[in-house]
Amino acid sequence: AALPALRIVLPVGISFYSFQSMSYVIDVYRGVLAPARRWSDFALYVAFFPQLVAGPIERATNLLPQVQHPRVISDYGLSHGAFLILWGLFQKVVIADNICRLADAVFAHPPAEALTTWLGVYAFALQIYCDFSGYSNIARGVALLFGFRLMLNFRNPYFATDPSDFWRRWHISLSTWLRDYLYIPLGGNRGGAARTQRNLMATMLLGGLWHGAAWTFVAWGLYHGLLLVAHRWFEKVLPPLPGRGWKLLKMAVFFHLICVSWLLFRADTFRQAGELLQAL
């Protein structure tokens, strides 16, 4: 994998259109989707350029019928598409590309001061959200200009109150893909608590590995798997507490748990992650 040639020939966006192709084959096999009759329709579904590089990961059940039938380009589609493109560019160019300087400085030279380290982690949390959400918004906006409607990929993820809520808000196209094509076929929450925990851990470990071939990504997936398992246990032991104050407290606590996970995601090595965690 260290050979320069392999880095050159590795196709851009391979993880996204691979998942789209897999979902098509699996859905056809399951009988929930009729096979495409024309090769060009299937090729456009797989290689639809607005979301080809970074998603959202579209399902054939949503995008393929739009390819096969005439599109309607409306005034709303043009105006809302233009808004999504401009908002996505603002997220990416103005916020993410500027705040990354602070995050890069902290992760390149881990400081001993807790405040500086926290600022770097907060900066990366904002950077990765605005970077990824911004690209998804641009992709959805460009698609709308052509009369295509792509799925929503982010829904205020940092307002989540628990790990299950977070994965219903963050990279929705990936989390639902992992749920439908990995977690549920493994058995989902059927078969008792032990098997449910096993299925959650396996799904999140593979979800971490999907982001890149590095042990830090595997550890990131393991961390989120442990959060999901712990949350299920706490739900059974502790009764839900009502009130807006309790909800805000859960948001704040879980946001910081997510920030710790971003530390694993961003760090190049476990040693670097350990130094930053110690500084926090």
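So the values come out like this:
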quantity	calculated
Fraction of accessible area attributable to carbon and sulfur, segment 173-256 (%, probe 1.4 Å)	70 percent
Using alpha-carbon coordinates, inclination of helix 97-108 to the longest axis of the chain, degrees	40 degrees
The chain: angle of helix 14-30 to the longest principal axis, Cα-based, in degrees nearest 10	60 degrees
Quarter of the Cα convex hull surface for segment 37-83, i.e. its orientation-mean projected area (nm²)	3.9 nm²
Which label in (i) 18.7, 57; (ii) 23.2, 71; (iii) 20.3, 61 gives the computed Rg and Dmax of the Cα atoms in Å	(iii)
C-alpha center-to-center spacing [segment 49-125, segment 146-167] in angstrom	12 Å
Relative contact order [Cα under 8 Å, 6+ residues apart], the chain, whole percent	19 percent
Kirkwood-type radius of segment 1-145, with distances r between different C-alpha atoms, in Å	17.8 Å
Percent of Cα-Cα distances greater than 14 Å, calculated over segment 191-242	55 percent
Where N is the number of residues in segment 151-278, Cα Rg divided by 2.2 N^0.38 Å	1.08
Only Lys, Arg (+1) and Asp, Glu (-1) charged, at Cβ; the chain dipole about Cα centre in debye	740 debye
Table column - 3J(HN,Hα) (Hz), segment 241-246, Karplus curve with 6.51, -1.76, 1.60, x for Gly and Pro	9, x, x, 5, x, 5
FRET efficiency estimate (nearest 0.05) - Cβ-Cβ, residue 251 to residue 34, R0 45 angstrom	0.55
Ratio Rg/Rh [Cα only; Rh per Kirkwood] for segment 165-206	0.97
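The values are calculated or read from the model by the stated rules, or taken from the named source; none is laboratory data. Note that the coordinates shown come from a computational prediction; the quantities given were computed from them, not determined experimentally. Counting neighbours? That spans all protein chains shown, and the Cβs are built from the backbone with ideal geometry, glycine included. What goes into the accessible areas is simple: the full protein's heavy atoms, side chains included, and nothing from ligands, DNA or RNA. Shrake-Rupley method; radii C 1.70, N 1.55, O 1.52, S 1.80 Å.
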